[in-house]
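The values are calculated or read from the model by the stated rules, or taken from the named source; none is laboratory data. Remember, predicted model here, so these are calculated numbers, not experimental data. Cβ placement follows ideal geometry from the backbone for every residue including glycine, while neighbour counts extend to all protein chains displayed. We work out accessible area using only protein heavy atoms, side chains counted, and drop any ligands, DNA or RNA first. Shrake-Rupley method; radii C 1.70, N 1.55, O 1.52, S 1.80 Å.
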Amino acid sequence: MTRNFAAWPIILLLTVLSLPLFVMYLFLLVDTFSNTAPGSLLPNEFTLEHWRFLIDPTITGDVWKPTLTTFLFASSMMVIVVSVSATAGYALSRLALPFRRFVLSGIMVMHAFPSVTLIIGVFLVLQFAGLYNSLTGVILVKASLMLPFGIWIMKGFYDAVPWEIEMAGVQDGASRFTVWRRIILPQVKPGLLSLALFAFIDGWSEYMLPRILAPSSDFEVLSMYLNTVSDPNSSTYNFNIFKSVGLFYTLPVLALFVLFQNRLMNIFGGGTKG
Amino acid sequence: MQISINNFTKTFDGTPVIDDMNLTIRDGEMLALLGPSGCGKSTTLFTISGIHRMDRGQLMFGDRDVSGLPSQKRNVGVVFQNYALYPHMNVFENIAFPLTVRKDNKADIDREVRAIAALTHISELLERRPGQLSGGQQQRVALARALVRKPDVLLLDEPLANLDAKLRLEMRSEIRRIQLETGITAVLVTHDQVEAMSMCDRIAIMKKGEIVQIDTPADMYSNPRTSFVAGFLGNPPISFLSGIAMENSFSVAPIKLRVPLGVHEGIADGTQLKLGVRPEHFGPEGDIAVEGKIAFAETQGRENLYDVALADGSVLRSIQPAGRNWALGEPVRWFIDSKSAFVFSNDGQRL
Ligand SMILES: Nc1ncnc2c1ncn2[C@@H]1O[C@H](COP(=O)(O)OP(=O)(O)OP(=O)(O)O)[C@@H](O)[C@H]1O
Ligand SMILES: [Mg+2]
């Protein structure tokens, strides 16, 4: 890469701007591993006691069950979003569908719609389908709310695949489906991967939908668990434990970001290089 | 295999693109579809391949009617202009793809791919990805992939358009060599007349969705049926003079030019005519004198190109061996070789 301007002033500016955030995160991290005497600013002893909630369910209740539920929630939603977007995006990009324009603009509108405004309708549908207060119901709703975004992104990736490659496949004797699976799908793999990550992270951090659509069910996702821990009126309230749980909750997201940050940026580039 | 297209008509969104075309491609021949942009060459090609459906008409592969068959069932090899290699597969996998789709067994696939790679001279590239190949090499891979299934017909849509001049020369003879070695029936779409003339057994010249003439390159060049065909073949191109028939001569009164019409006697005096003179038939030697000035001169190394402006403003092109070089603006008295000139009626039909 060639540089036609010096990078350091920008880096400096960004550093200064993000310093408060960074310091806060640092304190968060330090606090979970230490105790601080009241009134003092700096910690005075190292301890692992705030992380005991991981092995001792008596402190805040079992943390692993909600973790597993959240994982299940996020991954099922990811599978639905990715598989539907992969197929629907292709259909919208390549097949001469009836009402194609209508569907496309519908997706655009849905994408721009704040999902909260749909919640009453969603509630009614779930009630009707008997999925209210169930994990399945919440997963389905969460996935469908993300689908417009997913389909739109995937359509963009499919659009970038040259038409001739597809025709070459057909000419080589492959069925449309084989062409899609063996030739086209590999070209949009970067898109699929970033969409999968986005969906997973989105599902992992979901709080509102389980609260609204399954308020009295017996499952609990991590965000709800965190909410319980953070209740200052509860008898087990401990600010440092709350911080530890919070960190525990964000850890997978951070890890995914660090591991795949280049891939994630793909989705905004929309290109097929990968 | 002989391919024939009968009464083929194609319309896109209400605009007729091909109108009642008849074309036969003989077994083992390489036929060029030559014509200006938008005349329907690609449409014809992709109709043979099955990508486009005929609105009306019939397509025969040998004595099998394939008009209704989808691309997959036609056994046609296509080389696309941008090669359309599969970027995520290496060269071997690219070439093997048509065979794996057919579920041939592994040993057969390996043998076939290696054989066709040897024929197209890419044996040492089999492990590479398309992105790691030069344009000429990609072209060879595309050819190999199109040929590996032993198709009934090979279709090439402007295969040389993306190559630089030197590679184009090389691939021109390579494609022809491979076509001759495999004995496959082939159709080449191009708008480059040199390509068509040098690579193909016969040329079909198209204009606005119709085939205006189909002939061998030599016949087409020496015996064009219309002024359009005459103008399309030859580089530098033929030049035309407008005039009228006068006492069994082609006459341009203002410059006192008279070219005897010879065999075309009996044309009514005053009929508007056009005379086509190829650049090699106009120069210091010939039988009909014309006076003019050099209006343009271009050195091409072995030959020089001249435009000679006549007194009435019309221009005749000439190609002359280098040696005696005429300067820009120099007055010349050159001659038309009247026996080699073509006479056309005003609407372009050859007389
Ligand atoms: N899918 C299509 N839909 C509508 N019109 C089309 C389509 N494909 C081709 N045409 C029209 O049909 C005509 C012939 O097109 P075609 O691609 O066969 O031309 P061509 O001879 O291959 O030209 P070129 O040398 O520029 O490739 C053109 O006027 C083009 O605009
Ligand atoms: Mg074309």
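Miscellaneous remarks
- When region A:165-209 is filtered for residues that are more than 25 Å from A:Leu145 (Cβ to Cβ) and more than 11 Å from chain B (Cβ to nearest Cβ), the ones remaining, listed by number, are A:Phe177, A:Trp180, A:Arg181.
- Residue match in region B:36-46 (condition: more than 16 Å from ligand 2 (Cβ to nearest atom) and among the β-branched types (Val, Ile, Thr)): no
- Qualifying positions in region B:75-112 - of a type in the set (D, E, K, R) and either more than 9 Å from chain A (Cβ to nearest Cβ) or open to solvent by less than 40 Å² (accessible area, probe 1.4 Å) (or both): B:Glu93, B:Lys103, B:Asp104, B:Lys106, B:Asp108, B:Asp110, B:Arg111, B:Glu112
- Out of A:Phe73, A:Phe123, A:Phe113, A:Phe128, sole residue that is buried (at least 22 other Cβ atoms within 10 Å of the Cβ) and farther than 22 Å from A:Ile183 by Cα: A:Phe73
- Cβ separations smaller than 7 Å between residues 6+ apart or across chains give the following pairs from region B:192-217 residues that are more than 16 Å from ligand 2 (Cβ to nearest atom) to residues that are aromatic (Phe, Trp, Tyr) and at pLDDT 90 or above: B:Val212/B:Phe228.
- Matching residues, region B:7-24, being under 16 Å from B:Gln213 (Cα atoms) and surrounded by 17 or more Cβ atoms within 10 Å (Cβ to Cβ): B:Ile18, B:Met21, B:Leu23
Quick grid of which residues meet (1) more than 16 Å from ligand 1 (Cβ to nearest atom); (2) open to solvent by 50 Å² or more (accessible area, probe 1.4 Å); (3) in a helix (DSSP H, G or I):
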{"residue": "B:Val194", "(1), (2), (3)": "no, yes, yes"}
{"residue": "B:Ser198", "(1), (2), (3)": "yes, yes, yes"}
{"residue": "B:Ala218", "(1), (2), (3)": "yes, yes, yes"}
{"residue": "B:Ser251", "(1), (2), (3)": "yes, no, no"}
{"residue": "B:Glu280", "(1), (2), (3)": "yes, yes, yes"}
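- Restricting region B:46-61 to residues that are away from chain A (no Cβ under 14 Å) and open to solvent by less than 10 Å² (accessible area, probe 1.4 Å), the residue that is nearest to B:Ile25 (Cα to Cα): B:Phe61
- Qualifying residue in region B:58-70 (condition: within 13 Å of ligand 2 (Cβ to nearest atom) and not in a loop (DSSP other than H, G, I, E, B)): no
- The requirement of being away from chain A (no Cβ under 14 Å), outside any strand (DSSP E or B), at pLDDT below 90 and within 14 Å of ligand 1 (Cβ to nearest atom) is fulfilled somewhere in region B:12-19, by at least one residue.
- Of note, B:Ile238 satisfies the criterion of being closer than 17 Å to B:Ser345 by Cβ, modelled with pLDDT of 90 or more and in contact with a strand residue (DSSP E or B) (Cβ under 6 Å, 6 or more places away or on another chain).
- Members of region A:202-248 that are of a type in the set (Val, Ile, Thr) and either surrounded by 18 or more Cβ atoms within 10 Å (Cβ to Cβ) or closer than 24 Å to A:Ile120 by Cα (or both): A:Ile212, A:Val221, A:Val229, A:Ile241, A:Val245
- Residues (more than 12 Å from ligand 1 (Cβ to nearest atom) and either within 14 Å of chain A (Cβ to nearest Cβ) or open to solvent by 40 Å² or more (accessible area, probe 1.4 Å) (or both)) located in region B:25-44: B:Arg26, B:Asp27
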